[in-house]
Amino acid sequence: MKLFFLMLLYGIAAIAWQSVWQFPVHFLFLAVVYMGFYRTWREGLAGTLMLGVLFDSVSYAPFGASILSFGVVFGLIRFFRRKILFQAVGPRFLWVAVLSLIHSVILLRLSRHLGANFGYCVWTAFLDGAVGLFWIPALRRYGAMTTKELVEEKDILLKR
């Protein structure tokens, strides 16, 4: 339940951030990759579906396209999870880029814009791979936060 709440807050912040600054990085997709590799299948599936609904509510694609593409990527990760080396920097870049390309092709195909934007998808996939090098470890730290860390007051004033 805590992870679901944290991912809901993250999803709202990521959608707001992407809509205001127009970054070509899919921050919600990186959260799906994180949940696919590092969370249990129940937690990850619930979070993936919730992020898909959030993204579908603001995207131009038909409703359900993000749920489907996030679900396919999550399913691929869970199916091949034991065979994929993901801890090292090079393989993490490669797998995030490949999975991002799969996600983008599914979204573009469902919205019937595949031919015109495929080059942009490849560029965005490499950018997702590069950002995933440091963003996924940050999401691991964010997902591992305890309730005490979330609500505890911090002493930030220096005592004399």
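The values are calculated or read from the model by the stated rules, or taken from the named source; none is laboratory data. In this text, all values refer to a predicted model and were calculated from it rather than measured experimentally. Note that each Cβ is placed from the backbone with ideal geometry, even for glycine, and that neighbours are counted across all protein chains shown.
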Check your understanding: Does the stretch 78-89 contain at least one residue that is closer than 13 Å to PHE29 by Cα, in contact with a Gly (Cβ under 9 Å, 6 or more places away or on another chain) and not acidic (Asp, Glu)?
Key -> no
Practice item. Scan the stretch 17-35 for residues that are free of Cβ contacts under 8 Å to residues at least 24 places away in the same chain and in a helix (DSSP H, G or I) and jot them down. Key: TRP17, GLN18, VAL20, TRP21
Revision key, fill the gap. Pairs returned, first residue in the stretch 111-129 that is polar (S, T, N, Q), second residue that is exposed (fewer than 14 other Cβ atoms within 10 Å of the Cβ) and modelled with pLDDT of 65 or more, beta-carbon separation under 9 angstrom, 6 or more apart or interchain, are SER111/TYR60; SER111/PRO62; THR124/PRO24
Check your understanding: Which of the residues belonging to the stretch 36-58 are buried (at least 16 other Cβ atoms within 10 Å of the Cβ) and touching a residue at least 40 places away in the same chain (Cβ under 8 Å)?
Key -> GLY36, PHE37, TYR38, ARG39, GLU43, ALA46, GLY47, MET50, LEU51, LEU54, PHE55
Check your understanding: Any chance the stretch 26-34 includes a residue that's among the hydrophobic types (A, V, I, L, M, F, W, C) and over 13 Å from the mean Cα position of the chain (by Cα)?
Key -> no
Review point. Has the stretch 138-158 got any residue that is at pLDDT 80 or above and among the acidic types (Asp, Glu)?
Key: no
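Taking the condition β-branched (Val, Ile, Thr), touching a His at 6+ places or on another chain (Cβ under 6 Å), at pLDDT 85 or above and in a helix (DSSP H, G or I), does VAL73 pass? Show your work before the answer.
Numbers: β-branched (Val, Ile, Thr): yes; touching a His at 6+ places or on another chain (Cβ under 6 Å): yes; at pLDDT 85 or above: yes; in a helix (DSSP H, G or I): yes.
Criteria met by VAL73.
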Practice item. Look through PHE4, PHE63 and report the one residue that is in contact with an Asp or Glu (Cβ under 9 Å, 6 or more places away or on another chain), modelled with pLDDT under 90 and part of a helix (DSSP H, G or I). Key: PHE4
Review point. Tell me, which residue of the stretch 59-70 that is within 17 Å of LEU99 (Cα to Cα) and out of contact with any Gly (no Cβ under 7 Å at 6 or more places or on another chain) is surrounded by the most Cβ atoms within 10 Å (Cβ to Cβ)?
Key: SER69
Study note, to complete from the structure: Here the residues within the stretch 76-89 that are modelled with pLDDT under 85 and out of contact with any helix residue (DSSP H, G or I) (no Cβ under 7 Å at 6 or more places or on another chain) are ARG82, LYS83, GLN87, ALA88
